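The values are calculated or read from the model by the stated rules, or taken from the named source; none is laboratory data. Predicted, not measured: the structure shown is a model, and the values here were computed from it. Cβ: placed from backbone, ideal geometry, glycine included. Neighbour counts: every protein chain shown.
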Amino acid sequence: MDIFVGVIVGLIVLMILVIAHEFGHFIMSRRNGVRVLEFGIGFPPRAVAWIKDPKTHKWRKLKKSEWQTINITKTVGVEKSTSDAENKKALASAEDKKIIRDGLVFSINWLPIGGFCQMDGESAEDTRPGTFGKANFWKKTKILFGGVMMNWLVAFIIFTVLAWVGMPTFLEGQFTVDADTRVVQDPVKVKKVHEGSPAEKAGFKEGDLVLKINGEVVKDGYDITSINKTHAGEEVEYTIQRMEETTVYCITDPCPKTVNEVEKTLTATLNSADADYLLGISMESSESVAYSTWSAPIVGAGLTLQLTGETFKGLGELVWNLISGTFRQFSFDDATRESGREAIETVGDSVTGPVGIIGVLFPSFTAAGPSNLAFLAALISVSLACMNVLPIPALDGGRWLLIGIYKLRKKKLTKETEEKIVARAFMVLLALIVIVTVLDITRFFR
């Protein structure tokens, strides 16, 4: 049930983020004089649609019979009829088609996989007034990167709100303003005690909270692992908190019991450094939450920039591992080929596609609570922005680069050339999505 709810929530969140991206294109198109033919939520087939009259600015619902005439780009002509009545009818019909042609259509569609913003004349070759092709290079730049800016804005807003109500800490060195940050740390909880381990001999129990080690305050599970490594084979003192039942003295039978928090000190002699484990406990991940007040917008902006940098850094490492790993496969040295194989494996392990995001990440983060889910949504919004900046022709950054190259060369980018380049790049992207999806599925059932 948790997985089902997580998948539904994931689909909704991803759809909202894609719609926000397309809305960024929509705003910049309208602000820069490019006519938007249709803004759609979901993908066709259409469920319902409305149109805004460009003259009266009034909205009306479109009939299904009118859907086929939407976005007609040629001029509607009216031939003179033999009678005034027929002529008026023909003129009214032409005016109706003109409204449908020039008016803004808003549609809700049956396939809930994002949204779209259809501009008039999206080819760079189209030079009719009000088309994308007619806009100058600077206007095209603003329109193409409008979606990217909107995704960064969404991330900034989410992170700003989280900084105010409680920001989960996921990154080492996560951006904060120290002068205005209060951190609340959940204690590390013992999930399981291994049989015959130093922890069992010392008296550890499931549910114990580890507060200190040798008097040093424990912040998270990494602290326990790090300190244990430092004191491998030595005797270590652990301060733990445990819920214990206490029987109250009474004359009735049975006597009532109370549950109290009790602090205890347990002494364990750790295993040697070469053993399978040092202490012998499994821990539940502890959550650290940071609260800000006046600095919340600064934290929102800083964390958005930090995650943008980390995303580009991760993409760079991924590409480097793939290229270097592939070249190392042609080496005559066995060790070099093995290191190349490991580098390629890290690429597969570090990439997550739609199945992994919706089927694994969203159920986990949904179960962890609204703050964790909001953090994941903001992180994906940053990732969408970064991916669309990449110079791949099927994406916004690639289209901008393609238009820019032809502008520098002072050559005309024909519709056929543009469609051919974009189509080939799109096929490569689809192939990558299929490969990543297969990797996700194999990991899911592993």
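A few points about this structure:
- Filtering the range 107-148 to residues that are over 30 Å from P45 (Cβ atoms) and in a loop (DSSP other than H, G, I, E, B) leaves T127, P129, K134, A135, N136, F145.
- Just one of (1) surrounded by 16 or more Cβ atoms within 10 Å (Cβ to Cβ); (2) of a type outside the set (G, A, S); (3) within 22 Å of V382 (Cα to Cα) fails for E172. It is (1).
- Cβ-Cβ under 6 Å pairs, at least 6 apart or on other chains, the range 150-175 side free of Cβ contacts under 8 Å to residues at least 40 places away in the same chain, far side in a helix (DSSP H, G or I) and surrounded by fewer than 20 Cβ atoms within 10 Å (Cβ to Cβ): none
- Of all the criteria given as (1) crowded, with 18+ Cβ neighbours inside 10 Å; (2) in the same structural domain as E416 (by TED's automatic domain parsing); (3) of a type outside the set (A, V, I, L, M), the one not satisfied by N109 is (2).
- Residue list for the range 294-313, filter: part of a helix (DSSP H, G or I) and within 13 Å of V177 (Cα to Cα): A296, P297, I298, V299, G300, A301, G302, L303
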